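Worksheet: the structure to be examined is printed underneath.
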Amino acid sequence: MKKIRLSISKKISIYSIGLISILLVVSYVFNMFFIDSIFINDKKKELPLIVNIVEDFLLTNKKSDLEKYINDIKEKRGITIFIMNKNFKKWENKKGGFGNGFSMENLKSEDFFIKNKRRTGSKILVYNQKIKTGQWISARISLTFLNTYKSDLLYFNISGIILAVIISLIVSRIWVKKLLKDIEILNRKAKDISNLNFNKNNIIKRDDEIGDLGKGIEKMSINLESSIKQLEEFISNVSHELKTPISIISSNIQLLMNEKKIDLITEEKYKNILKESYYTKILIEKLMRLSKLENQKKIEYKFINLNKIIEEILERYDYIELAKNLEIKLDTLKNKYFINEDMFRIALDNIILNSMKYSKDNGILKIYEKDKTLFFENEILKEFSLDNLFNPFVRGSNSSREDGTGLGLTLIKKILELNNINYGIELKNKKFIFWIK
């Protein structure tokens, strides 16, 4: 199953919506489970205070003020007050109504209880208290409205979620747009650095973690540019310095070998020195090429046909062909390749040279196209491990028979990757195959 890749803006929107939804759901669940207890506990604190106020009115005989107060708390707070006078068996409401009868001896002062009404099924929180005058005051409030409140709360939560989601989408879009703009700038800067383009125009100015990241990238860019320049100068200087003594060694060894009075042992030593100096010279040249490729900033491409280039390379190494008695089978290449000619010529030179050097004697080297892929196929004496073969100075197990630096495939790899070309190597039936698509 293909993994879905979400952008940062979508992720932030989803996280915001999810967080808001969770908060509202938790709030609603909390209310559903605890609102009854919270409401009742709150009223248990309020009702005794109201009863005390009613008691004060009774003690001071302020009947008109008492009736007004009872009416007010009924209308504003939904609390009903009943008063039972001494020797009466019914609660009397100051508005003219009566409560259900209770025997005086069954009442408990300062007592709370929840009463269920049989006819309506509603619940009432009741608080009874006996005052100094011998009268009883009962404060009552209906709990039925809590069910209605819960239904309203559900509707409110759903509406709140929808509204919060809309606001979240709008706000997150505006905020994320700014955030992504800065991240995109940093992304472009990172890509420029990977392409060894150290321009200083893309850094953002923010006083937060993203701003710190931008400053870090800019500092890294400056340090990398400086280090690469120093490395280029070092490699260039070292290479030029090494070329001179190696050339002197080679020319002097050749002069010594031309002397008439020289024994076979000394001549063999001279040959080994000359061979190693030649190897060192080739190594330096390839290291310089690798260095230049590593720091390649601009590459020009064009369509070219490889037939002529490959024929020229084969002609250059015809001495290997003759020495090993190789059979070269070169098909006519029909496809054109959109590449950098100079760089690709170097890659082809190394591929063909390796194919010829490591072919078995009297073997066959085939160069052909198939399914828009270019193949180089040569016969080898024995199969060997392909692990790490593209790494610098790594050579195949059959390389002991041939001279080499171990940089050929590394150079080829770098050139093909710079030209965005797919490539690979295979071993099949003692045949080494290098393919370029």
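Can you check how the C-alpha radius of gyration of the stretch 327-390 compares to 2.2 N^0.38 Å, as a plain ratio?
Working: Rg = 13.2 Å, N = 64, 2.2 N^0.38 = 10.7 Å.
Ratio of Cα Rg to 2.2 N^0.38 Å: 1.23.
What FRET efficiency do you get for LYS63 and LEU107 if R0 is 30 Å and r is their Cβ-Cβ distance, rounded to the nearest 0.05?
Working: r = 24 Å, r/R0 = 0.78.
That gives a FRET efficiency of 0.80.
Report the label-to-label distance for TYR15 and ASP361 in nanometres (one decimal), using points 7 Å from each Cα along the Cα→Cβ vector.
Modelled inter-label distance: 6.9 nm.
Between LYS281 and TRP175, what is 0.36 nm times their sequence separation minus the Cα-Cα distance? Round to one decimal in nm. Walk me through the numbers before you get to the answer.
Numbers: separation 106, 0.36 × 106 = 38.16 nm, distance 5.95 nm.
Residue separation times 0.36 nm, minus the Cα-Cα distance, leaves 32.2 nm.
Given R₀ = 60 Å, FRET efficiency for ASN335-PHE34 by Cβ-Cβ distance, to 0.05?
Working: r = 76 Å, r/R0 = 1.27.
Result of the calculation: an efficiency of 0.20.
Calculate the FRET efficiency for LYS44 and LYS86 from the Cβ-Cβ distance with a Förster distance of 41 Å, rounded to the nearest 0.05. All intermediate terms of the calculation are to be shown ahead of the outcome.
Values: r = 27 Å, r/R0 = 0.65.
About 0.95, to the nearest 0.05.
So what's the net charge close to SER250: Lys and Arg +1, Asp and Glu -1, counting the other residues with Cβ under 11 Å from its Cβ? Let's see the in-between values first.
On the way: positive: LYS243, LYS275, LYS281; negative: GLU276.
Net charge in that neighbourhood comes out at +2.
Quick one: if you stick a label point 7 Å off each Cα along the C-beta vector at ASN197 and ASN258, how many nm between them?
Reported label-point gap for ASN197 and ASN258 is 5.3 nm.
Quickly rank 416-427, 126-137 as a protection proxy: mean count of other C-beta atoms within 10 Å, highest first. Walk me through the numbers before you get to the answer.
Values: 416-427: 14.4, 126-137: 17.2.
Highest-to-lowest ranking by the protection proxy: 126-137, 416-427.
Quick one: if you stick a label point 7 Å off each Cα along the C-beta vector at ASN52 and MET220, how many nm between them?
6.9 nm
On full extension of the chain, what length is gained from GLU241 through ASN305, given 0.36 nm per residue of separation minus the C-alpha to C-alpha distance?
Details: separation 64, 0.36 × 64 = 23.04 nm, distance 3.82 nm.
Full extension of this stretch gives 19.2 nm more.
Since every read-out is calculated from the coordinates, none of them should be taken as a lab result. All values derive from a computational prediction rather than experimental measurement. A quick note on method: Cβ atoms are made from the backbone with ideal geometry, for glycine too, and the neighbour counts reach across all protein chains shown.
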